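Report on the following structure.
The values are calculated or read from the model by the stated rules, or taken from the named source; none is laboratory data. Worth saying up front: this structure is predicted, and the values here are computed from it rather than measured. With ideal geometry, Cβ positions are generated from the backbone for all residues, glycine too; neighbour counts draw on all protein chains shown.
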């Protein structure tokens, strides 16, 4: 979400009638990560209560703004948007069903809700819950921060990006990056896909690296499932904690197998495609990139993984070209994306970009 905020900020700076863009500190961190140079990006940073008179529009995205301040800000004529980038149904249902703490803010705190295309199906739910208009906005991604991390790992002597295999390594070391904190993105289906490919051709998958699983190491269901797999019983599987994408791939993996449930736009998929790594996925949004299988079709996923093992090296140029078309479409500086957000801002302020004399000041 932090990357998403900064991509949106870059885009907003390109809209003619946006005078300034400010980041509002709505979390528990006292400073931005070292990878973020706000001065170079031309972004201010401050607390909401200190910025009331300096803002015209506030967009709640990666933190929860104080509802009392939001009420005051709107009473002063400001406009508030809840830009929901997480899967909204699961965020509402799972904390209730699984007795997690969760978070539930005042639902009528905003003038509009913005959803990413992946969550368009939830628009009626969000309209009913938040009692305001709900609109889709473009999905944004740039390799900006991935490139920074790649430079760090390459300075340490590693090379980022897919490398064609040799006779000594005919198969793939497969990584599974699902976070395993929600049913939306878990490692269960990717593990079954890897095992299916391993059963058909043990040389196709030389190892299965399952990340974000240390918190599940003593979970009975996870243990029974893992120990039922041939690839685990043959000691070809390793279970890890959390790692960054570039740092892990340059050392331990050649391909990625993923699965999502009603959450088909994910940055990790784009990271994999950017490195030319084979990505076996079930994202309809990325149907024309990577190796696509539908829904929960594990047999189809297995076939796609085997197809990648057998043919990826021979089609690298085409693979990269298909990925690049996706990157171009979601670039924060792509004119269609700038126009999409400009239209939403105009609608939000009643069609008048000068509803404050000096233009729109967004946060």
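For the range 209-237, name all the residues that are in a loop (DSSP other than H, G, I, E, B) and either modelled with pLDDT of 95 or more or touching a strand residue (DSSP E or B) at 6+ places or on another chain (Cβ under 9 Å) (or both).
Initial filter on the range 209-237 (in a loop (DSSP other than H, G, I, E, B)): 211-213, 217-219, 228-229, 234-236.
Those that are in a loop (DSSP other than H, G, I, E, B) and either modelled with pLDDT of 95 or more or touching a strand residue (DSSP E or B) at 6+ places or on another chain (Cβ under 9 Å) (or both): 211, 212, 213, 217, 228, 229, 234, 235, 236.
May I ask you to verify whether residue 206 is more than 23 Å from residue 261 (Cα to Cα) and in a strand (DSSP E or B)?
The answer is yes for residue 206.
For the range 212-231, how many residues meet the condition of being within 22 Å of residue 197 (Cα to Cα) and free of Cβ contacts under 8 Å to residues at least 24 places away in the same chain?
Looking only at that region, the number is 5.
I'd like the residue in the range 97-116 that is within 19 Å of residue 261 (Cα to Cα) and loosely packed, with under 13 Cβ neighbours inside 10 Å and, out of all such residues, is modelled with the highest pLDDT. Reasoning before the result, please.
Within the range 97-116, the subset within 19 Å of residue 261 (Cα to Cα) is 97-98, 115-116.
Add one more test, that the residue is loosely packed, with under 13 Cβ neighbours inside 10 Å, and what stays is 97-98.
On the way: 97: 87, 98: 84.
Within the range 97-116, the match that is modelled with the highest pLDDT is 97.
Just checking: which of the strands (runs of 3 or more DSSP E) contained wholly in the range 112-191 hold 2 or more residues that are without any contact (Cβ under 8 Å) to a residue 40 or more places away in the chain? Working first, answer last.
Details: elements: 112-115, 134-136, 172-176.
Filter on the range 112-191 gives 112-115, 134-136.
Do we find that residue 250 is buried (at least 18 other Cβ atoms within 10 Å of the Cβ), assigned to a helix (DSSP H, G or I), touching a residue at least 12 places away in the same chain (Cβ under 8 Å) and in contact with a helix residue (DSSP H, G or I) (Cβ under 6 Å, 6 or more places away or on another chain) in this structure?
Details: buried (at least 18 other Cβ atoms within 10 Å of the Cβ): yes; assigned to a helix (DSSP H, G or I): yes; touching a residue at least 12 places away in the same chain (Cβ under 8 Å): yes; in contact with a helix residue (DSSP H, G or I) (Cβ under 6 Å, 6 or more places away or on another chain): yes.
Here the answer is yes, as residue 250 does meet what is asked.
Kindly establish whether residue 226 is assigned by TED's automatic domain parsing to the domain that holds residue 192 and within 20 Å of the chain's Cα centre (by Cα).
Details: assigned by TED's automatic domain parsing to the domain that holds residue 192: yes; within 20 Å of the chain's Cα centre (by Cα): no.
It is false that residue 226 is assigned by TED's automatic domain parsing to the domain that holds residue 192 and within 20 Å of the chain's Cα centre (by Cα).
Residue 94: out of contact with any helix residue (DSSP H, G or I) (no Cβ under 6 Å at 6 or more places or on another chain), outside the structural domain of residue 343 (by TED's automatic domain parsing) and in a helix (DSSP H, G or I), yes or no?
Details: out of contact with any helix residue (DSSP H, G or I) (no Cβ under 6 Å at 6 or more places or on another chain): yes; outside the structural domain of residue 343 (by TED's automatic domain parsing): no; in a helix (DSSP H, G or I): yes.
When the stated conditions are applied, residue 94 does not pass them.
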